[in-house]
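Note sheet for the following structure.
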Amino acid sequence: MSSYELKGKIAIVTGAGSGINHALTELLLEAGCSVVMADVRLRPEAQQTLDRYPHHPGNKDNGEDHRPSAVFQPTDTGNWAQIRALWETALQTYGRVNIVVNGAGVYEPPSSTFWNPPESSSSLSSPSPGVGVAPVDDPDAAVGQYQTFAINTTGPIRLAQIAVEYWLQHPELQGNMLFFASVAGYVHGLLTPLYFASKAAIISFAKSLGGLREHCGIRSACICPSTVHVCTLGTRLPTCLPLLLYLFLNRFWLLLRMVYGDVFASTNLSYLLSILHTKYRQTPLIHEIQKHVNVRPDDLGLTGKECAEVAMRLLQEPQYGGGEIIECMKAFNVNKDKEGGDETVIQLREVPVETLYPSFYNNNLDTIMGDPEKKLIQRLQQGKMRAAVE
Ligand SMILES: NC(=O)c1ccc[n+]([C@@H]2O[C@H](COP(=O)([O-])OP(=O)(O)OC[C@H]3O[C@@H](n4cnc5c(N)ncnc54)[C@H](O)[C@@H]3O)[C@@H](O)[C@H]2O)c1
């Protein structure tokens, strides 16, 4: 199997307005792939990227012979009408779509956390007797959707559904999908159960679609990063000054403590500085994570670019594309003393989700799915996604 060629391809990247997926957008553009940047807004550095790769209307095929370009389509990926509009814009602008990166995500913000149930203001002011707040949703919540799920799970699935139907009819386009899950998809805790569950669902979905490469030539993979720090240094210095101040003072404080021992131990300057940093940092997801779990900027983590480089490997390398669930994290290099090398390394592993399969399956889902799945595959290979109504 050969590597996937990015030059001349057209990608939709959701969440491209910030963080990891902005870094990935830059790498895709550098590799010669044009990008439709879909996000609710662009951070300044993403706007700069957009400005550096202007698209000239009328030039539909920004392919082999042309410089790659970027366009911004304002999109709330929790809204299916806007996902549809995103797809149509991509087709109108470039005439085709080869790659879909489902990168947009939120970390269970206060507006959509399990621990803040959706209540109407009237129900809050009129608790039912004896049981506290009455469980009454706002009238416009009739659909029953958590935003955390709408953005992290349902939106990516809907965009994938549109893409797969399109690529079944256009196998020559070599469809390629990447999903952003997280290690949070298989670790658990009370603090953010919606985030964990929303990412677990994406892992299961991506793994389920893995067979599309073998049967229909459509690649898919899922990346599960651990902590990623997204530094905007160099693109927007004023917003990075608190970060630099934090890092400098934090190191200085550690030095003082090393020299003078525990005299300073009771004063947690580090904590105060991390609040200062959090207040000024603008990357939305990291901001939420910091509020929840106190991730500090000098905690061990990947940079946005390092994470995006792993994402590029999943999009291109021949050993990926069959629904692999790939964890990536920064770790201390335990072999450094023996073999030298860097203090830290980026570790990748395929998350062994199959180990959870019940033993009676004998690790062979064929026995359960068997003939119906074979019929589905035949239909997909004929370019038909929808079953005829019987
Ligand atoms: N940063 C981490 O430590 C980390 C770890 C594991 C997984 N991830 C995942 O990586 C992806 C990127 O995260 P990041 O760290 O770059 O965070 P980020 O906040 O910088 O990027 C997320 C982007 O998604 C966009 N977004 C949010 N709601 C949206 C909506 N309704 N419609 C369209 N776009 C929307 C935001 O505007 C933002 O630009 C996310 O899916 C996240 O869950 C991040």
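The values are calculated or read from the model by the stated rules, or taken from the named source; none is laboratory data. Keep in mind that this is a model prediction, so the values were computed, not measured. A quick note on method: Cβ atoms are made from the backbone with ideal geometry, for glycine too, and the neighbour counts reach across all protein chains shown.
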Let me confirm something: among L24, L50, L28, which residue is within 10 Å of the ligand (Cβ to nearest atom) and either touching a helix residue (DSSP H, G or I) at 6+ places or on another chain (Cβ under 9 Å) or of a type in the set (A, V, I, L, M, F, W, C) (or both)?
L24
Taking the range 67-84 as the region of interest, how many residues are within 25 Å of K199 (Cα to Cα) and either touching a strand residue (DSSP E or B) at 6+ places or on another chain (Cβ under 9 Å) or near the ligand (Cβ under 10 Å from one of its atoms) (or both)?
9
Test for V40: is it closer than 11 Å to V71 by Cβ and within 16 Å of the ligand (Cβ to nearest atom):
no
What number of residues in the range 330-352 are in a loop (DSSP other than H, G, I, E, B) and free of Cβ contacts under 8 Å to residues at least 24 places away in the same chain?
8
Can you tell me which of (1) more than 19 Å from the chain's Cα centre (by Cα); (2) surrounded by fewer than 17 Cβ atoms within 10 Å (Cβ to Cβ) is the one H55 doesn't meet?
(2)
Among residues of the range 175-195 being surrounded by fewer than 20 Cβ atoms within 10 Å (Cβ to Cβ) and assigned to a helix (DSSP H, G or I), the residue nearest to the ligand (Cβ to nearest atom) is V183
Name the single residue that is farthest from V97 (Cα to Cα) among those in the range 1-21 being more than 8 Å from the ligand (Cβ to nearest atom) and modelled with pLDDT under 95.
M1
Criterion first (of a type in the set (D, E, K, R), more than 13 Å from the ligand (Cβ to nearest atom), out of contact with any helix residue (DSSP H, G or I) (no Cβ under 6 Å at 6 or more places or on another chain) and modelled with pLDDT under 95) does E88 satisfy it?
no
Suppose we keep only residues that are under 22 Å from the mean Cα position of the chain (by Cα) and either aromatic (F, W, Y) or farther than 21 Å from V13 by Cβ (or both) within the range 113-165. Which one would you say is modelled with the lowest pLDDT?
Q145
